[in-house]
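Undergrad: Below is a structure I'd like to ask you about.
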Amino acid sequence: VCEALMVAHEGPDGVVHRDLKLENLMRTVDRSDKEIVKVLDFGIAKLAEKEADSKLTTVGTLGTPGYAAPEQLRGEGVDARTDLFAFGVILYSLLTGLDPWLGYDASKSTTQIYELMVASDRGDVRPFEDSGVDVPPAMKNLVLRLLQRDPADRFQSAREVRGELFHFRD
């Protein structure tokens, strides 16, 4: 996922996905039979430098509630760090089976859209311990940094996140 985001974010056009979620990730194999993850559905993607130039409807800027970063929910400018916030939601969900805000089953859709949006913008991330899953402290810290409300407090690039994740391989 980090490598796909690096290609999108660091490419000549600086594309921000804006709707990164578990459903938009597909595990497959490449031509050499190596397992890879593809990032799908760039339907509401935006060229990063053009974001300030466009006026989109609220629906066009939100992405999927529960994955959307606070700045995205407020209709502010988005950049690569917006996608990294969503990646943090994905990682939390993969590790615990729950959404990080309300503790709902991450594999099921919710009708509590407003509550989920308010919680992701203002609420606290549910402690990993509440899920009953033992998550290593370093991974908790990585995910919590991705889920910071202020983009300046998050990782600044997918390349930086990938570097941190490679430490878990050792």
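The values are calculated or read from the model by the stated rules, or taken from the named source; none is laboratory data. These numbers come from a predicted model, not from an experiment. All Cβ positions, glycine included, derive from the backbone under ideal geometry; neighbour counts span all protein chains shown. Calculation scope for accessible area: heavy atoms of the full protein, side chains included, ligands and nucleic acids excluded. Shrake-Rupley method; radii C 1.70, N 1.55, O 1.52, S 1.80 Å.
Undergrad: Which residue fluctuates the most in the chain, going by a Gaussian network model with Cα springs under 10 Å, if the choices are Glu115, Glu160, Glu129?
TA: Glu129
Undergrad: Using a Cα distance threshold of under 17 Å, what count of lysine pairs results for the chain when pairs must be 8 or more residues apart or interchain?
TA: Taking the Cα cut-off of 17 Å, the pair count is 4.
Undergrad: Separate question: With unit charges on the beta carbons (Lys and Arg positive, Asp and Glu negative) and the dipole taken about the Cα centre of the chain, which residue among Val39, Phe128, Gln148 sits farthest to the positive side?
TA: Final value for the positive-end residue is Val39.
Undergrad: For segment 114-170, with all protein chains present and a 1.4 Å probe, just round the carbon and sulfur fraction of the accessible area to a whole percent.
TA: Using a 1.4 Å probe with all protein chains present, segment 114-170 comes out at 50 percent carbon and sulfur.
Undergrad: May I ask you to rank Ser107, Ser93 by accessible area, largest first, using a 1.4 Å probe over the protein chains only?
TA: Ranking Ser107, Ser93 by accessible area, largest first, yields Ser107, Ser93.
Undergrad: Now a separate question. Taking a probe of 1.4 Å, how large is the accessible area per residue of the chain, in Å²?
TA: Result: 56 Å² of accessible area for each residue.
Undergrad: With every protein chain in place, what's the accessible area of Lys108 (1.4 Å probe, Å², nearest 10)?
TA: Only protein atoms counted, so the area is about 140 Å².
Undergrad: What residue among Val125, Val16, Val133 shows peak mean-square fluctuation when the chain is described by a Gaussian network model with Cα springs under 10 Å?
TA: Highest fluctuation of the listed residues: Val133.
Undergrad: By the scheme Lys and Arg +1, Asp and Glu -1, what is the net charge of all other residues having a beta-carbon under 11 Å from that of Leu25?
TA: Values: positive: Lys21, Arg27, Lys38; negative: Glu23, Asp41.
Counting the neighbours of Leu25, the net charge comes to +1.
Undergrad: Right, something else. Note down the magnitude of the dipole of the chain about its Cα centre, charges +1 on Lys and Arg C-beta and -1 on Asp and Glu C-beta and zero elsewhere, to the nearest 20 debye.
TA: Numbers: 21 positive and 29 negative charges, 28 e Å.
Taking the Cα centre of the chain as origin, the dipole is about 140 debye.
Undergrad: Shifting gears a bit: Find the relative contact order for the chain and round it to a whole percent, using C-alpha pairs within less than 8 Å whose residues are 6+ positions apart.
TA: Answer for the chain is 22 percent.
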